[in-house]
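Visitor: One structure, pasted below without further comment.
The values are calculated or read from the model by the stated rules, or taken from the named source; none is laboratory data. Since the model is a prediction, treat every value here as computed from it, not as a measurement. Because the Cβ atoms are built from the backbone with ideal geometry, glycine has one as well, and the counts that use them run over all protein chains shown.
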Amino acid sequence: MRTRFQQQMEELREKLLRMGGLAEQAVDRACQAYSDRDLARCQMVLENESLINAAEREIDELAFDVLATQQPAAIDLRFILAVTKINSDLERVGDQAVNIAERVMDLIELPAVELPVDIPRMSTAVSAMVRRALESFVEGKAELAQAVLEMDHVVDRMRDEAFISLVRKMNESPQVTQQALDALLVARNLERVADHATNISEDVIFWVRGFDVRHHAQELAAAEERGQRSAPPQR
Amino acid sequence: MGVGITVEHLNAFYGKTQALFEINLNVVANHATALIGPSGCGKSTFIRCLNRMHETIPEARVEGSVRIGDFSVYNGTSATQLRRRVGMVFQKPNPFPTMSIYDNVASGLKLNGFRGRKQLDEIVQKSLQNAALWDEVKDILHKKSGASISGGQQQRLCIARALAVQPEVLLMDEPCSALDPISTGKIEELIFQLKEQYTIVIVTHNMQQAARVAEFTGFFLLGKMIEFDKTEKVFTNPTDKRTEDYVTGRFG
């Protein structure tokens with residue numbers, strides 16, 4: 001047993017989970033700030049971005065070190081590749097949270113108006129996707145990750161509905177165009193977060209099952225039918 | 001050109017101890033095939049069964065069939081005839097220490113009664129070139145003995161010696177384990193080039209080496225071949241849990 005190697009792998013896992021927690025918290029705070037028109041929360045999101053960026057660099061350095069010195073193979077190699085990709089996705093989740101916070105700061109400057117979009121509902125769905133994607137990583141369960149992929153369509157639909165209703169609102173009431181545009185961008189940012197959660201889930205499936213499901217989820221189902229293994233990796 | 005190797009129901013024994021169990025394998029011509037596995041798993045025994053080197057050990061015997069190209073290894077062929085077609089390179093370079101570099105390469109041909117100085121010169125040069133050693137020794141061919149050059153050069157000299165008799169298959173039993181990284185790199189580069197002309201079977205403890213040089217990899221454990229597949233599959237997503245445990249270092 002390669003003790004040092006196993007310790008490094010565990011360290012990677014823990015660092016990524018901590019970063020996942022930061023990214024998830026950033027999205028939740030930004031969405032809460034939208035609902036409450038809370039400037040202080042927006043500031044917190046902006047300030048914490050540097051923590052997420054630092055975590056990204058730290059994880060990349062450790063992964064690079066492990067690849068260079070331990071020459072991992074098979075499930076370990078797939079794990080490290082997945083970690084580096086998930087790392088990049090989580091950093092972008094943090095960026096999206098910052099984008100949302102900036103839109104909210106813009107909205108706070110403007111008069112509050114009623115808009116035909118349910119951002120809290122959308123944020124609940126997106127947060128659930130991020131959380132489940134991270135859970136699938138923690139538990140090494142491809143089934144959980146697969147469920148996240150299926151949720152992406154729901155968020156896409158919410159984004160489309162938001163787009164249609166907000167554009168209509170802008171046509172009907174041009175005086176709220178700025179607010180509607182900000183809300184539209186928030187919806188788009190949330191949809192992007194959902195895309196990152198989808199990417200994370202695809203990486204978990206690659207790590208656990210050893211095949212790439214990006215862009216062809218149907219093949220995943222076919223592989224399931226052929227009875228390819230889906231047991232969690234033994235760590 | 002290299003030829004394929006077909007192994008069917010191969011069982012090998014040392015006295016009453018069975019070392020290999022029901023090995024079935026097709027080695028593809030003009031490709032490198034790596035055999036990996038922990039010490040004592042039978043991979044060296046297996047490679048030695050391909051050119052009957054195991055017969056040098058008392059009470060060793062095999063059952064089953066091995067075909068190299070169109071001839072049967074265990075059915076009427078003499079070991080000498082066989083080894084002309086199947087060259088072998090060992091873990092430790094073993095040049096003939098009292099012979100010059102030239103004579104080391106020419107030895108196999110001379111033993112086979114080959115005469116004709118000009119043609120011999122040509123074959124020695126070509127073999128040394130194919131072993132990527134010619135440029136380093138062309139001026140000392142007759143002046144220096146096979147044992148006077150560096151370990152990496154000695155190993156390439158042994159490869160040149162094996163190539164001189166124009167085999168179809170080249171067996172390599174941990175050919176780089178006694179070499180430094182630079183010499184190892186040269187041998188690996190050589191394996192890459194040689195497989196255009198020869199079929200190569202390499203036993204290695206260095207899994208990265210297997211991953212680098214071989215298109216196919218077989219994993220041996222306790223005398224059985226657990227998995228045989230394309231190298232990339234074995235090292236990225238093996239089918240058998242035991243293979244995965246071995247290539248990820250969880251073994252033992």
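Visitor: May I ask you to verify whether A:LEU16 is in contact (Cβ under 8 Å) with a residue 60 or more places away in the chain and more than 14 Å from chain B (Cβ to nearest Cβ)?
Guide: Considered against the rule, which asks whether it is in contact (Cβ under 8 Å) with a residue 60 or more places away in the chain and more than 14 Å from chain B (Cβ to nearest Cβ), A:LEU16 comes out as yes.
Visitor: Taking A:ARG214, is it more than 16 Å from A:LEU77 (Cα to Cα), basic (Lys, Arg), under 21 Å from the mean Cα position of the chain (by Cα) and at pLDDT below 90?
Guide: Considered against the rule, which asks whether it is more than 16 Å from A:LEU77 (Cα to Cα), basic (Lys, Arg), under 21 Å from the mean Cα position of the chain (by Cα) and at pLDDT below 90, A:ARG214 comes out as yes.
Table: residues versus (1) surrounded by 15 or more Cβ atoms within 10 Å (Cβ to Cβ); (2) over 23 Å from B:GLU8 (Cβ atoms); (3) under 14 Å from the mean Cα position of the chain (by Cα).
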{"residue": "B:VAL66", "(1), (2), (3)": "yes, no, no"}
{"residue": "B:ASN75", "(1), (2), (3)": "no, no, no"}
{"residue": "B:SER78", "(1), (2), (3)": "no, no, no"}
{"residue": "B:LYS92", "(1), (2), (3)": "no, yes, yes"}
{"residue": "B:PRO97", "(1), (2), (3)": "no, yes, no"}
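Visitor: Further, regarding this structure: Please work out which residue is farthest from the other protein chains (Cβ to nearest Cβ), limiting yourself to segment A:59-81 and to residues that are among the β-branched types (Val, Ile, Thr) and over 15 Å from B:THR243 (Cα atoms).
Guide: A:ILE59
Visitor: Search segment A:126-148 for residues being surrounded by fewer than 20 Cβ atoms within 10 Å (Cβ to Cβ) and closer than 21 Å to A:ALA97 by Cα, and hand back the single one that is farthest from the chain's Cα centre (by Cα).
Guide: Per the criteria, the residue is A:GLU135.
Visitor: While we're on this one: Out of all the residues in segment B:44-63, is one or more in contact with a helix residue (DSSP H, G or I) (Cβ under 6 Å, 6 or more places away or on another chain), within 30 Å of B:ASP180 (Cβ to Cβ), of a type outside the set (Lys, Arg) and part of a loop (DSSP other than H, G, I, E, B)?
Guide: Yes, some residue in segment B:44-63 is in contact with a helix residue (DSSP H, G or I) (Cβ under 6 Å, 6 or more places away or on another chain), within 30 Å of B:ASP180 (Cβ to Cβ), of a type outside the set (Lys, Arg) and part of a loop (DSSP other than H, G, I, E, B).
Visitor: Which of the residues that make up segment B:83-104 are of a type in the set (D, E, K, R) and not in a loop (DSSP other than H, G, I, E, B)?
Guide: B:ARG83, B:ARG84, B:ARG85, B:ASP103
Visitor: Kindly evaluate B:ASP173 against the criterion of being of a type in the set (Asp, Glu) and within 14 Å of chain A (Cβ to nearest Cβ).
Guide: So B:ASP173 does not fit the description; no.
Visitor: If you check B:LEU179 against the conditions, is it closer than 28 Å to B:ARG67 by Cα and either more than 14 Å from chain A (Cβ to nearest Cβ) or part of a strand (DSSP E or B) (or both)?
Guide: no
Visitor: Can you tell me which residue among B:ILE149, B:ILE159, B:ILE187, B:ILE202 is among the β-branched types (Val, Ile, Thr) and under 16 Å from B:LEU25 (Cβ atoms)?
Guide: B:ILE202
Visitor: Looking only at segment B:190-213, count every residue that is touching a helix residue (DSSP H, G or I) at 6+ places or on another chain (Cβ under 9 Å) and either within 22 Å of B:GLN129 (Cα to Cα) or of a type in the set (Lys, Arg) (or both) and tell me the total.
Guide: So the count comes out to 13.
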